[in-house]
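As structure tokens, the structure follows; a few thoughts come after it.
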Amino acid sequence: MVRIAVVPGTFDPVTLGHVDVVRRSAALFDQVVVGIARNATKTPLLSVEERRDAFAASVADLPGVSVEIVPGLLVDFCADRGATAIVKGLRGGSDLDAEAPMALMNRHLSGIETVFVMSDPTLAHIASSMVRDIARHGGRIDDLVPDGVADLVRSRLP
């Protein structure tokens, strides 16, 4: 049986922490699908296609990893791909507080389990929202995101 996991998120922008979670997920599952989601409560800096392309370039060296846009409900996306798990990275307790209700709802809707992966401590301080804020204020983000992503982010700022 092929073990398939989906690593979902808005990834606006993809960070080194996100890539680390996908790399570690690829060691646990036969196939990993990164699901680039739209979030109605967020106004993204990057388009969903830009986020997909940036993440795909960041994991191009990982066999068995693909990157796709989630068109609707995450559980439907997972079912369509035959996924047996959703993988979410956690930086700390507040991430668990935010993710636990979603994990329970996804299990309620479809039976799919969520696997939580603790962040690498050297990357736990990185969050997409902070990366965007630093960039908006002219700060350096090159060491927080994969190659090429800092230039993409800067190109979308006024």
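The values are calculated or read from the model by the stated rules, or taken from the named source; none is laboratory data. The structure presented is a predicted model; accordingly, all values stated were derived computationally and were not measured. Neighbour counts are summed over all protein chains in view; Cβ atoms, including those assigned to glycine, are modelled from backbone coordinates with ideal geometry. Surface accessibility is based on the protein's heavy atoms, side chains included, excluding ligands, DNA and RNA. Shrake-Rupley method; radii C 1.70, N 1.55, O 1.52, S 1.80 Å.
Please go through the range 102-135 and pick out each residue that is over 23 Å from Arg81 (Cβ atoms), surrounded by fewer than 14 Cβ atoms within 10 Å (Cβ to Cβ) and of a type outside the set (Asp, Glu).
Pro121, Thr122, His125, Ser129
Given the options Val117, Val131, name the one that is of a type in the set (Val, Ile, Thr), touching a Lys or Arg at 6+ places or on another chain (Cβ under 8 Å) and in contact (Cβ under 8 Å) with a residue 60 or more places away in the chain. I'd like the intermediate steps shown before the answer.
Numbers: Val131 fails: touching a Lys or Arg at 6+ places or on another chain (Cβ under 8 Å).
The conditions single out Val117.
I'd like the residue in the range 40-64 that is acidic (Asp, Glu) and free of Cβ contacts under 8 Å to residues at least 40 places away in the same chain and, out of all such residues, is most open to solvent (accessible area, probe 1.4 Å). It would help to see each step written out before you state the result.
The first filter runs over the range 40-64 and keeps only residues acidic (Asp, Glu), leaving 49-50, 53, 61.
From the residues that got through so far, the ones that are free of Cβ contacts under 8 Å to residues at least 40 places away in the same chain too are 49, 53, 61.
Details: Glu49: 84, Asp53: 84, Asp61: 99 Å².
Ranking the qualifying residues of the range 40-64, first place goes to Asp61.
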